[in-house]
Amino acid sequence: MDIKGAVALITGGASGLGAATARRLLDAGASVVLLDLHSSPGESLAAELNAAGADGRAVFVPPTSRTKSRCRPPSMLPSRWARSGSWSTVLA
């Protein structure tokens, strides 16, 4: 399966299996959105991934509310992803 250019939304993406999945997807040419808690290492992981060659294709997005029904992470995504309609994969 060719995922180059796809955008993957990964819940729990800041550590463990989520972080490992993000790395694999980035290596295959996808962009990743790491969804995780404010207290997670998501921001530093996205910076690390981008510095290691992801070149802006890794973004950390914490929830905007503690209430699950009010989480609206897409409003924090780069506009090129939100407008593109290129959401390809959601990993939870």
Seminar exercise, completed: The answer for residue 28, listing residues at least 5 apart or on another chain whose modeled amide H is closer than 5 Å to its amide H, is none
Problem set entry | residue 61 long-range amide H proximity, modeled H, under 5 Å | 34, 35, 36
Problem set entry | Phi to ³J(HN,Hα) by Karplus 6.51 cos²θ - 1.76 cosθ + 1.60 over segment 22-39, Hz, x for Gly, Pro | 4, 4, 5, 5, 4, 4, 8, x, 7, 9, 10, 10, 8, 9, 6, 5, 4, 7
Exercise. Using the count of nearby Cβ atoms within 10 Å as a rough guide to exposure, how do 15, 39 rank from fewest to most?
Worked result: 39, 15
Seminar exercise, completed: Amide H neighbours of residue 7 at under 5 Å, excluding residues fewer than 5 places away on the same chain, with H built from the backbone geometry, are 31, 88, 89
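We did not get these values from a lab; they are worked out from the coordinates using the rules stated. Only a predicted model underlies this, so the values are computations on that prediction, with no experimental measurement involved. Positions of Cβ are generated from backbone atoms using ideal geometry, with glycine treated the same way; all protein chains shown enter the neighbour counts.
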